[in-house]
Amino acid sequence: MANSVVWLRDDLRLADNPALTAAARHGGQIAVLYVLDEESEGIRPLGSASKWWLHHSLESLATQLAAIGGTLILRRGCARQAVLDVVAEAEADAVFWNRRYGLAERRVDAALKEELADANIDAESFQANLLYEPWTIRTGAGGPYKVFTPFWRACNDAGEPRAPLSAPEQIRSPQAASEALGSWQLLPTNPDWSPGLGSEWTPGEDGANNRLAEFFDRQAREYATDRDFPAIEATSRLSPHLRFGEISPFQIRHALRSLPAAADKDLQVFRSELGWREFCWHLLYFNPDLATTNYRPMFDRFAWDSPSTAGTAAEIKAWRRGRTGYPLVDAGMRQLWQTGWMHNRIRMVTASFLVKNLLIDWRIGEQWFWDTLVDADAANNPANWQWVAGSGADASPYFRIFNPVTQSRKFDPDGLYLRRYVPELASLGARSIHEPWKTPDDAGSYPAPLVELGASRERALDAYAALKEGR
Ligand SMILES: Cc1cc2nc3c(=O)[nH]c(=O)nc-3n(C[C@H](O)[C@H](O)[C@H](O)COP(=O)(O)OP(=O)(O)OC[C@H]3O[C@@H](n4cnc5c(N)ncnc54)[C@H](O)[C@@H]3O)c2cc1C
């Protein structure tokens, strides 16, 4: 009986993996392959935190595969060549994979499919990582959506997504050489900045399922109200697991159905957050340059400060290091550095501070998040940055400039989150911790504010007015 190859990409799981299920049905031995492709044209290189995650996720996947009799084959290089090599080595007559939606990735997949067809090798792809394929959700006029609410309504009208598939109980893998994971050097050394990530996260399918179970047990019920408070662990923290496909949106959606109806309001909000993920991928599918190009071309003329001037370079550095003098911004940027993750509300606050109070191009912030987030996502990251900057689809109105002090008082009233990530301020009381410059004697080495909020807000509004008026 002929063998097959399963080429895994952003779907590092055994359960609800249609490509793997198809291979199991095909029969014969299954060569399960992961390719670290930093060569194919247009593929965005992984950021440092994503590399850390990938290492541990692959390690976990290899262990899980071994438990059902399989082996994971690792190759580095051009994906096309790696897949063709493994097809030959495994004497396979079929290749299965789950779809990707970025343009560069789609081009690689389409070219490979053709090449395999010419060689009489069957190649089949599946829907696995999005509930709704981007091209299936269209406006009445047949175009892509630009606004979330009607997009999500159209998704819901399209019907309930399919039930998840079980993991195969047993597979057999052919002999094929694999590179050693360690030789890829995905983990940081000199210095090793990852201990904080290690204590926060368990990459892999088990880690993902545990997060989901914990979220359902403890948190899902207060999600709608508590999700905005960064000191409360009220959100699912599933984002890096979804990013690497250790859990599928189908599994989450299906599991939600098992919860009691009493939690309906919370679950509705949670479901629509998963909808935002679908929307971001819909945007990326139709706007492949989302990470580099303003969705609204009008913003091409926006007067960002030049990052090469000394003053702006110093501001960027202070923002990255969590030394802007605004405790909520700094707590967020330090949470990001220490744990590879930042609470959603604080992502909005830190991003708004960079692009509006400092007038720094959103692409500089997007790239920093890309490098430091464990959930750095090719669609969610640029779409949200553009949403905050005002240049994106369904974007926040430009005049909505998050005030880090007001946000801090409202969403971290006792300063618990601030104290956790900005320990220099730990001795300040709940009233003064949000504005430490008013009690400088107690703020120790904590820096003075980088800019004044009122004046920097006016400068941003002027820049936007000039853009609109074509000045
Ligand atoms: C400037 C900025 C950059 C961001 N960059 C990323 C990124 O690179 N990767 C990423 O996954 N999310 C990104 N987000 C969206 C959001 O902050 C995270 O998805 C969320 O904080 C992850 O935590 P969670 O899993 O606990 O979320 P939950 O509240 O539990 O939500 C469940 C899931 O819904 C999805 N989701 C939630 N909010 C959004 C959103 N606004 N847009 C798209 N999907 C969403 C995520 O997959 C998330 O895991 C960004 C937001 C901002 C403002």
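The values are calculated or read from the model by the stated rules, or taken from the named source; none is laboratory data. Please read these numbers as outputs of a predicted model, since none were measured by experiment. Cβ coordinates were reconstructed from backbone atoms using ideal geometry, including for glycine residues, and neighbour counts include every protein chain displayed. Surface accessibility is based on the protein's heavy atoms, side chains included, excluding ligands, DNA and RNA. Shrake-Rupley method; radii C 1.70, N 1.55, O 1.52, S 1.80 Å.
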Filtering the range 407-422 down to residues that are in a loop (DSSP other than H, G, I, E, B) and either within 14 Å of the ligand (Cβ to nearest atom) or buried (at least 22 other Cβ atoms within 10 Å of the Cβ) (or both) yields 412, 415, 422
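Working only within the range 246-270, note down all residues that are part of a helix (DSSP H, G or I), of a type outside the set (A, V, I, L, M, F, W, C) and surrounded by fewer than 17 Cβ atoms within 10 Å (Cβ to Cβ).
Within the range 246-270, 254, 264, 265, 268 qualify.
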Checked 135, 97 against criteria (under 22 Å from the mean Cα position of the chain (by Cα) and either assigned by TED's automatic domain parsing to the domain that holds residue 244 or at pLDDT below 95 (or both)); the one match is 135
* **So residue 367, is it over 12 Å from the mean Cα position of the chain (by Cα) and over 21 Å from residue 105 (Cα atoms)** => no
A careful count of residues in the range 209-234 that are modelled with pLDDT of 95 or more, within 11 Å of the ligand (Cβ to nearest atom) and in contact with a Leu (Cβ under 7 Å, 6 or more places away or on another chain) gives 2
For the range 371-406 the number of residues that are within 11 Å of the ligand (Cβ to nearest atom), among the small types (Gly, Ala, Ser) and crowded, with 23+ Cβ neighbours inside 10 Å is 6
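Here is a yes/no grid of residues against (1) open to solvent by less than 20 Å² (accessible area, probe 1.4 Å); (2) touching a residue at least 12 places away in the same chain (Cβ under 8 Å); (3) polar (S, T, N, Q):
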| residue | (1), (2), (3) |
| --- | --- |
| 161 | yes, yes, no |
| 178 | no, yes, yes |
| 192 | no, no, no |
| 195 | no, no, no |
| 205 | yes, yes, no |
| 214 | no, no, no |
| 239 | no, yes, yes |
Scanning the range 75-98 residue by residue, those outside any helix (DSSP H, G or I) and either in contact with a Gly (Cβ under 7 Å, 6 or more places away or on another chain) or surrounded by fewer than 20 Cβ atoms within 10 Å (Cβ to Cβ) (or both) turn out to be 76, 77, 78, 91, 93
Do we find a residue being within 19 Å of residue 201 (Cβ to Cβ) and of a type in the set (A, V, I, L, M, F, W, C) anywhere in the range 262-281?
-> no
Only one of (1) more than 18 Å from the chain's Cα centre (by Cα); (2) within 16 Å of the ligand (Cβ to nearest atom); (3) not hydroxyl-bearing (Ser, Thr, Tyr) does not apply to residue 170, and that is (2)
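So that you can scan it fast, the table gives a plain yes or no per residue for (1) more than 29 Å from residue 241 (Cβ to Cβ); (2) touching a Ser or Thr at 6+ places or on another chain (Cβ under 9 Å):
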| site | (1), (2) |
| --- | --- |
| 360 | yes, yes |
| 377 | no, yes |
| 382 | no, yes |
| 387 | no, yes |
| 390 | yes, yes |
| 397 | yes, no |
| 402 | no, yes |
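Condition check ((1) among the acidic types (Asp, Glu); (2) within 15 Å of the ligand (Cβ to nearest atom); (3) open to solvent by 10 Å² or more (accessible area, probe 1.4 Å)) across all residues:
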| position | (1), (2), (3) |
| --- | --- |
| 285 | no, yes, yes |
| 302 | no, no, yes |
| 338 | no, no, yes |
| 346 | no, yes, no |
| 359 | no, no, no |
| 362 | no, yes, no |
| 365 | no, yes, no |
| 369 | no, yes, no |
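Does residue 432 fit the bill of being part of a loop (DSSP other than H, G, I, E, B), open to solvent by 70 Å² or more (accessible area, probe 1.4 Å) and either without any contact (Cβ under 8 Å) to a residue 40 or more places away in the chain or touching an Asp or Glu at 6+ places or on another chain (Cβ under 6 Å) (or both)?
Working: part of a loop (DSSP other than H, G, I, E, B): yes; open to solvent by 70 Å² or more (accessible area, probe 1.4 Å): no; either without any contact (Cβ under 8 Å) to a residue 40 or more places away in the chain or touching an Asp or Glu at 6+ places or on another chain (Cβ under 6 Å) (or both): yes.
No.
In the set 403, 380, which member is farther than 23 Å from residue 200 by Cα and within 26 Å of the chain's Cα centre (by Cα)?
403
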